[in-house]
1. For the stretch 184-206, does any single residue satisfy the condition of being surrounded by 23 or more Cβ atoms within 10 Å (Cβ to Cβ) and charged (D, E, K, R)?
2. For the stretch 177-187, does any single residue satisfy the condition of being out of contact with any helix residue (DSSP H, G or I) (no Cβ under 9 Å at 6 or more places or on another chain), closer than 30 Å to PHE10 by Cβ and in a loop (DSSP other than H, G, I, E, B)?
3. Picking from ASN230, ASN246, which residue would you name as being surrounded by fewer than 20 Cβ atoms within 10 Å (Cβ to Cβ), out of contact with any helix residue (DSSP H, G or I) (no Cβ under 9 Å at 6 or more places or on another chain) and not in a loop (DSSP other than H, G, I, E, B)?
4. Answer yes if at least one residue in the stretch 212-220 is under 16 Å from TYR13 (Cα atoms), among the basic types (Lys, Arg) and surrounded by 24 or more Cβ atoms within 10 Å (Cβ to Cβ), and no otherwise.
5. When GLY280 is evaluated against the numbered criteria (1) at positive phi; (2) surrounded by 21 or more Cβ atoms within 10 Å (Cβ to Cβ), which criterion, by number, is the only one it fails?
6. Within the stretch 178-215, can you find the residues that are more than 23 Å from the chain's Cα centre (by Cα) and not aliphatic (A, V, I, L, M)?
7. Need pairs with beta-carbon distance below 7 Å; first residue more than 17 Å from PHE136 (Cα to Cα) and within the stretch 106-124, second among the small types (Gly, Ala, Ser); sequence gap 6+ or separate chains.
Amino acid sequence: MTELTLETAFAAYEAARGRLPSADKPGACIRRHSLEDIADDFDVFLLDAFGVLNIGEEPIPGVPERVAWLQSQGKKVFVVTNAAGKPNASLEVKYAKLGYDIAPEHIISSRKTILRALEDAQQHHWGAMLSRAAGFDDVEHLKLTRLEDETAVYGDVDAFLLLGAAEWTETRQALLEEALLHRPRPVWVANPDIVAPREDGFSSEPGRYAHRLADRTGISPVFYGKPFANIYDIAFEKLGPAIDRNRIVMVGDSLHTDVLGAQAAGISSALISGFGFFGGQAVEAPISQSGIKPDFILERP
């Protein structure tokens, strides 16, 4: 499998553009230093997690204080994240440990998004990409078998659920692709991310494997999370109809998930350039190449 670098990760997102929403309204790419500089422009801040709140298991320095300041100014702060590998309750604990005071109902994950959709699909026997360490909390009500190295399981299940790739292997990917070639079935993906920024580089996420299997088998995965509308729909539902969407901004480190998703949802976007996906590298060429132009480019959250 191709080594994950900024260049290869960006190329993978670009190769998958046909399965992503379109970027119909390019932003002005206005440069500002931090969230404080755009605070007067917005009432609601939807914050990505990886690359905005934290890198791996550590908070980005100064961001817990920045978020607390936004809240003190009366701003509504939500976390909108493509985290799907662990139960939702673990996110509440994680962000609290990192120093963030985010109400549980303001944490909107792609796992929460797909679980809502699964309420109408419980009759399926799902084969799940799910790490053993994550356990089955909040999915125990589903008929679900964890996908490991037993070939028969891949043939027996009715559909596939891609939740977390921490323990996924090339052997398992090959078994999944062969099973789908033999008998096509639905594939639901709870994390559209291809990569996530960690302390020591990029990790492979479920979206990477979903696009690979789609390329090989012709299956069209169903994605839940950014940049797709389903996760934003939950945020808008919680905010209520009275909120002016012109006063909402999505803040993230990725053009293809955070910025593209915001544009498709009809809200403003701010790209973090100094942390996360780009990690301080120049963003002008990727913006030009992709045509995904945020409203703001911030050096840091």
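1. Yes, because at least one residue in the stretch 184-206 is surrounded by 23 or more Cβ atoms within 10 Å (Cβ to Cβ) and charged (D, E, K, R).
2. Checked the stretch 177-187: at least one residue is out of contact with any helix residue (DSSP H, G or I) (no Cβ under 9 Å at 6 or more places or on another chain), closer than 30 Å to PHE10 by Cβ and in a loop (DSSP other than H, G, I, E, B).
3. Working: ASN230 fails: out of contact with any helix residue (DSSP H, G or I) (no Cβ under 9 Å at 6 or more places or on another chain).
Exactly one of ASN230, ASN246 is surrounded by fewer than 20 Cβ atoms within 10 Å (Cβ to Cβ), out of contact with any helix residue (DSSP H, G or I) (no Cβ under 9 Å at 6 or more places or on another chain) and not in a loop (DSSP other than H, G, I, E, B), namely ASN246.
4. no
5. Here GLY280 meets the rest and fails (2).
6. GLU178, HIS182, ARG183, PRO184, ARG185
7. ILE108/ALA235
Rundown of residues vs (1) within 26 Å of ALA190 (Cα to Cα); (2) modelled with pLDDT under 95; (3) not aromatic (Phe, Trp, Tyr), yes/no style:
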site: GLU237; (1), (2), (3): yes, no, yes
site: ALA242; (1), (2), (3): no, yes, yes
site: ASN246; (1), (2), (3): no, no, yes
site: MET250; (1), (2), (3): yes, no, yes
site: SER254; (1), (2), (3): yes, no, yes
site: GLY261; (1), (2), (3): yes, no, yes
site: VAL283; (1), (2), (3): no, no, yes
site: GLN289; (1), (2), (3): no, no, yes
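The values are calculated or read from the model by the stated rules, or taken from the named source; none is laboratory data. Note that this is a predicted model, so its numbers are computed, not measured. Cβ sites come from the backbone with ideal geometry, for glycine too, and all protein chains shown count toward neighbours.
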